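Everything on this sheet refers to the single structure shown next.
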Amino acid sequence: MAKKIEYNKVAPIESIRDMMQQAVAAMGDGVLFKYKKAGAVCDVSCKEFYDATVCLGNALAARGFVSGCHIACTGNNSYNWIISYVSTLCGKNIFVPIDKDVPTKDMFNILNHSESQVIICDKSYVNAIVEGKDELPNIKFVICMDGECEGAVSFEAILAEGKKLMEENYGVYLDGTSGDHELKLLVYTSGTTGNPKGVMLSQHNLRSAIYYGLMVETVETRCLSVLPYHHTYEAVIGILVSIHKHNCICINESLRAVLANIQLYKPVYLFVVPAFAELFYKRVLAALEEKGKLGTVNFMIKLSNGLRKIGIDIRRKAFKQIIDNFGGELRQIVCGGAPVRAEVAEFFTNIGIDLEIGYGITECSPLVSVNQAGDNDYTSVGKILPCIEVKIDNSDENGNGEICVKGDIVMMGYYKEPEQTADVLVDGWFHTGDLGNYTNEKLYITGRKKNLIVLDNGKNIYPEEIENYIYAIPYVKDAVVYSVKDEKGAETSLCCEALLDKDAMPDGGKNAEETFKADVSEAVKALPQYKHISKIVIRDTEFPKTTTKKIKRNEVIKK
């Protein structure tokens, strides 16, 4: 029998500005952000942050960018990036986040397609924008987030303009916000296949994701903000949810700094994608094995789990040395964006850091479901938000089919793409393209519809299932399973292409192909014969990936 869902009490919000004003009333001079500047940690109070968002909104409004303007932003994670984001959400304009790693040509395409009039960016992008101004007819104003730069106005100068207007009681920016069902956030999906599409999210979508997301799961005290800010998972669930909970957000300035910043800021929770969770897991196991402590830890996990069954929880003390590697105060990792192996989630939860798996997609603002700390099922992606319905379309004999979602978090559509919108939004139901089943009020993911392999014998194979078995091999960094086709194009068998850490192999990688082939056979031996691997490919270079570390399967398979 499914455990009864217990929802958390959450303060309702009428708009993002209302959410910010509630935070100021509750926190005032309490620290909302921490970030590094010139080697020192800066603390920013909630009131200071809100005033900064008003200053930026004032300055743009005074320059004519006041209502319905598209404000684009690209660059490294930074405090100024978040000011730009929240300021736009609180006013009447539309925010257009752009992946900082897209090629200049693609950035220009997004700027033009989105009809952005303002671009807020790091210094490294200004020259390309200024030199390419003839290709960007809509861009009227450029703001540099990280210093002085010819061809742009510095962020500090813009804030100074806005502060002067604030002192003069300038009221245009503060005179209302976007309508609840008007476009508020225009997100171009990075995706692992095809051209990016502009996902239109309304203020209603955003505040629903915040409010109902916190009803299902909650976060406390202090986080390290890790994922790229153009990604909806971090922008909405990481930043906005944390603000509404009045928690402190510590800004991680680069992916290389993650481990150092975990020690510096000592976060209580993290929002990550599976690539991070897998990396943390493998590093911990490798360190334990190197010190000869893996057997002891596994014994202590069994002992600890037995005690937990009778209400005694010793995890934080028994595994203190491991937890100290994560700053000593980490209690919760929320993992979304792609499937994560149950083994990884179970390990972290067993040592006292609850790893809760969720599921989302940009078109759903992005959160659809998440596990709860008190009912954490490692095999599922948890319970759906109470503002939505889920149905499984075209299910097979095992109940697996395409996951469809209807409700307050579903996007308005794709920007200027009515045909593509009609393909995925049918009678209010958003067809996610993800395959899974909905059982006992929990959602389970089996794979992506577009990744499904249908062998010539009619057998359906979800490659993600097999990859999970292969990822259990300690020296596997990344792996993709795809079909081997005969001369007629029929899918006849399976290939595994992988990037290996050869230094971590038993023989130092001297017989890498032979060793890997044997270990893959062992890893998948419990699966039916038709799911076994007949061919392997060992890569010498990284797989092509999105900025959230998802492998671009189409580029791997089509090569």
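Mind jotting down the distance between the C-alpha centroids of segment 323-352 and segment 157-231, whole Å?
Rounded to whole Å, the Cα centres lie 27 Å apart.
For residue 391, go through the aspartates and glutamates and keep the ones whose alpha-carbon is under 19 Å away, minus same-chain ones fewer than eight residues off.
363, 402, 408, 423, 427, 434, 441
Please list, ordered by chain and number, the residues whose modelled amide H lies under 5 Å from the amide H of residue 368; skip anything fewer than 5 residues away on the same chain.
So residue 368 has HN proximity to 359, 360, 361.
Return the subset of 34/164; 266/477; 47/163; 383/552; 9/34 for which the Cα-Cα distance in this structure is over 19 Å, preserving the input order.
Distance filter (> 19 Å) returns 34/164; 266/477; 383/552; 9/34.
Determine the calculated [θ] at 222 nm for the chain from helices alone, applying -39500 (n - 2.57) to every DSSP H run no shorter than 4 residues and normalising by the residue count; nearest 500 deg cm²/dmol.
Counting only the DSSP helices, I get -9500 deg cm²/dmol.
At what distance in angstrom do the alpha carbon centres of segment 74-118 and segment 406-434 lie from each other?
Their Cα centres are 23 Å away from one another.
Counting other Cβ atoms within 10 Å, keep those with at most 16, restrict to DSSP loop, and tell me which trypsin sites (Lys or Arg not before Pro) in segment 265-311 are left.
Listed in order of number, the matching sites are 291, 293, 309.
Subtract the Cα-Cα distance of residue 440 and residue 316 from 0.36 nm times their separation in residues, and report this length gain in nm to one decimal.
In short, 41.5 nm is gained.
Only four residue types carry charge here, +1 at the Cβ of Lys and Arg and -1 at the Cβ of Asp and Glu. Report the dipole size of the chain about the Cα centre in Debye, rounded to the nearest 20.
1220 debye
So which GluC sites (Glu not before Pro) in segment 484-519 are both in a DSSP loop and have at most 10 other Cβ atoms within 10 Å of their Cβ?
Within segment 484-519, the qualifying GluC sites (Glu not before Pro) (loop, at most 10 other Cβ atoms within 10 Å) are 487.
Which loop-located GluC sites (Glu not before Pro) does segment 124-197 contain, where loop means any DSSP state but H, G, I, E or B and the Cβ has at most 12 other Cβ atoms within 10 Å?
Answer in residue order: 148, 150, 168.
If contacts are Cα pairs under 8 angstrom and at least 6 residues apart, what is the relative contact order of the chain in percent?
Relative contact order, the chain: 11 percent.
Starting from the amide H of residue 539, placed 1.01 Å from N in the peptide plane, find each other amide H under 5 Å away whose residue is 5 or more places distant or on another chain.
Excluding prolines and chain starts, which carry no amide H, the hits are 498, 499, 500.
Considering Cα pairs under 8 angstrom that are at least six residues apart, work out the relative contact order of segment 452-558 and quote it in whole percent.
24 percent
With respect to the cross-link table entries 406/488; 100/517; 282/531; 502/525, which display a Cα-Cα separation exceeding 29 Å?
Over 29 Å Cα-Cα: 406/488; 100/517.
Laboratory data are not the source of any read-out in this text; all were calculated from the coordinates shown. What you see is a predicted model, and the numbers here were worked out from it, not measured in a lab. All Cβ positions, glycine included, derive from the backbone under ideal geometry; neighbour counts span all protein chains shown.
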